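**Student:** Encoded as structure tokens, here's the structure I'll be asking about.
The values are calculated or read from the model by the stated rules, or taken from the named source; none is laboratory data. This is a predicted model, so every value here is computed, not measured. Don't worry about glycine lacking a Cβ; one is built from the backbone with ideal geometry, like all the others, and counts go over all protein chains shown.
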Amino acid sequence: MQISRRQILAGAASGLALPALGAFAQKAEFTYKYANNLPVTHPMNLRAKEMADAIRAETKGRVDIQIYPNNQLGSDSDMLSQLRSGGIEFFTLSGLILGQLVPASQISGVGFAFPDYATVWKAMDGELGAWIRAQILKKDLVAMDKIWDNGFRQTTSSSRPINTPEDFKGFKIRVPVSPLWTSMFKAFDAAPASINFAEVYSSLQTKVVEGEENPLAIISTAKLYEVQKYCSLTNHMWDGFWFLANKKAWDKLPPDLQAIVAKHINAAGMKERADVAELNASLQKDLASKGMVFNATNATLFRDHLRKANFYSDWKAKFGDEGWAVLERSVGKLS
């Protein structure tokens, strides 16, 4: 199935939280909730609907995954708590926000670590991803093998473009609830405010903060261009969504059902990666037509600033020599 840009932007998807039993009239043996924080129009939710249908079909109705998009079940912090308690069985979350619980999961978001997507997927489908998943499992959460894409993050603002590290000085920017984000922007002498995604639009609209940072797909689907004027292509972090399962709920599935569910979740994740790449390729032009003003930046200036501010050496100490060595084997020398 090829998801068109029109589908993504126009938002044909709706009613994702409703079970669609189709030909399987009997009650499912396993009815699991999957929650996320993204609009129904984002590729994640379009592919998740396709995934849930495929799982229901191949398991002959035994597994019914009901989708709750767009913070329907609460903020990221709320949903992570529900996932741990078993209130929901599946949840997609940025590794950087998961860092509240699993500090090591933030390592994939170290500022200016990944130069391009080729480096990202080699690392996350290889040694770095395997190392992170092992740390997540220690907290009784199961991370599927293929991380879903959120994209390289860009900086938006209602007040001014960000061209150099100095432009961040005093800049009131919303960041997700994550120590790594806060630390990086403090290293740039900005004024970061940790705000859950559900409150981002209103915080920008009411000028609680001047700006925020997100991939272009989210800037578009969450309509942040309505409350932001400038978009600086900083590519300061790559961010992805781990597809997480409550371990007790996962272990209740017999091995044959686990295999089917994991297969379709990972396949949907791969398709979502392609969707986001295609979407980001066309979104700059689309967002510019809506009034956003774009500017390019030089990553070397920002990376050098972080190195001088001891950002990399500080986080090397926090992640430990083992984790940092895995990261640098994947991306090259940072500290």
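**Student:** For region 78-120, which positions are part of a helix (DSSP H, G or I), buried (at least 21 other Cβ atoms within 10 Å of the Cβ) and of a type in the set (Gly, Ala, Ser)?
**Tutor:** Across region 78-120, the qualifying residues are 95, 104, 105, 108, 109.
**Student:** If you take the residues of region 281-301 that are assigned to a helix (DSSP H, G or I) and of a type outside the set (S, T, N, Q), which of them is farthest from residue 221 (Cα to Cα)?
**Tutor:** Here the residue is 301.
**Student:** So, in region 166-179, exactly how many residues are in a loop (DSSP other than H, G, I, E, B) and closer than 29 Å to residue 123 by Cα?
**Tutor:** Looking only at that region, the number is 3.
**Student:** Could you tell me whether region 324-334 includes any residue that is of a type in the set (D, E, K, R), farther than 25 Å from residue 49 by Cα and modelled with pLDDT under 95?
**Tutor:** So far as region 324-334 goes, yes, one or more of its residues are of a type in the set (D, E, K, R), farther than 25 Å from residue 49 by Cα and modelled with pLDDT under 95.
**Student:** Next question. Just checking, does region 312-322 include any residue being within 11 Å of residue 112 (Cα to Cα), surrounded by 12 or more Cβ atoms within 10 Å (Cβ to Cβ) and assigned by TED's automatic domain parsing to the domain that holds residue 189?
**Tutor:** For region 312-322, residues within 11 Å of residue 112 (Cα to Cα), surrounded by 12 or more Cβ atoms within 10 Å (Cβ to Cβ) and assigned by TED's automatic domain parsing to the domain that holds residue 189: present.
**Student:** Okay, moving on. I'm trying to understand the selection: among the residues of region 1-29, which are buried (at least 17 other Cβ atoms within 10 Å of the Cβ) and either at pLDDT 90 or above or outside any loop (DSSP other than H, G, I, E, B) (or both)?
**Tutor:** 8, 28
**Student:** Can you tell me which residue among 204, 216 is within 18 Å of residue 45 (Cβ to Cβ) and either free of Cβ contacts under 8 Å to residues at least 60 places away in the same chain or in contact with a Leu (Cβ under 9 Å, 6 or more places away or on another chain) (or both)?
**Tutor:** Details: 204 fails: within 18 Å of residue 45 (Cβ to Cβ).
None of the other options fit; the residue is 216.
**Student:** Test residue 193 against the criterion of being under 30 Å from residue 82 (Cβ atoms), assigned by TED's automatic domain parsing to the domain that holds residue 76, free of Cβ contacts under 8 Å to residues at least 24 places away in the same chain and surrounded by fewer than 22 Cβ atoms within 10 Å (Cβ to Cβ), and give yes or no.
**Tutor:** Answer is no for this residue.
**Student:** If I go through region 77-119 residue by residue, how many of them are acidic (Asp, Glu) and without any contact (Cβ under 8 Å) to a residue 24 or more places away in the chain? Walk me through it before giving the result.
**Tutor:** Pass one, region 77-119, residues acidic (Asp, Glu): 78, 89, 116.
Next, only the ones that are without any contact (Cβ under 8 Å) to a residue 24 or more places away in the chain stay: 78, 116.
The total comes to 2.
**Student:** Find all pairs meeting these conditions: Cβ atoms under 6 angstrom apart; at least six residues apart or on different chains; first residue within region 297-320 and polar (S, T, N, Q); second residue at pLDDT below 95.
**Tutor:** Short answer, once both residue conditions are applied: 313/335.
**Student:** Does region 229-246 contain any residue that is out of contact with any His (no Cβ under 8 Å at 6 or more places or on another chain), part of a helix (DSSP H, G or I) and within 27 Å of residue 104 (Cβ to Cβ)?
**Tutor:** No: region 229-246 contains no residue that is out of contact with any His (no Cβ under 8 Å at 6 or more places or on another chain), part of a helix (DSSP H, G or I) and within 27 Å of residue 104 (Cβ to Cβ).
**Student:** Given the condition in a helix (DSSP H, G or I), under 19 Å from residue 298 (Cα atoms), out of contact with any Pro (no Cβ under 6 Å at 6 or more places or on another chain) and touching a residue at least 12 places away in the same chain (Cβ under 8 Å), answer yes or no: does some residue in region 151-165 qualify?
**Tutor:** yes
**Student:** If I go through region 67-103 residue by residue, how many of them are touching a Ser or Thr at 6+ places or on another chain (Cβ under 6 Å) and among the β-branched types (Val, Ile, Thr)? Lay out the reasoning, then the answer.
**Tutor:** To start, the set of residues in region 67-103 that are touching a Ser or Thr at 6+ places or on another chain (Cβ under 6 Å) comprises 95-99.
If we keep only those that are among the β-branched types (Val, Ile, Thr) as well, we get 97.
Adding up the residues that qualify gives 1.
**Student:** From (1) surrounded by fewer than 18 Cβ atoms within 10 Å (Cβ to Cβ); (2) among the polar types (S, T, N, Q); (3) at pLDDT below 95, pick out the condition that doesn't hold for residue 41.
**Tutor:** Exception for residue 41: condition (1).
**Student:** Now for a different question. If you check residue 41 against the conditions, is it in contact (Cβ under 8 Å) with a residue 40 or more places away in the chain, assigned to a loop (DSSP other than H, G, I, E, B), polar (S, T, N, Q) and over 26 Å from residue 321 (Cβ atoms)?
**Tutor:** yes
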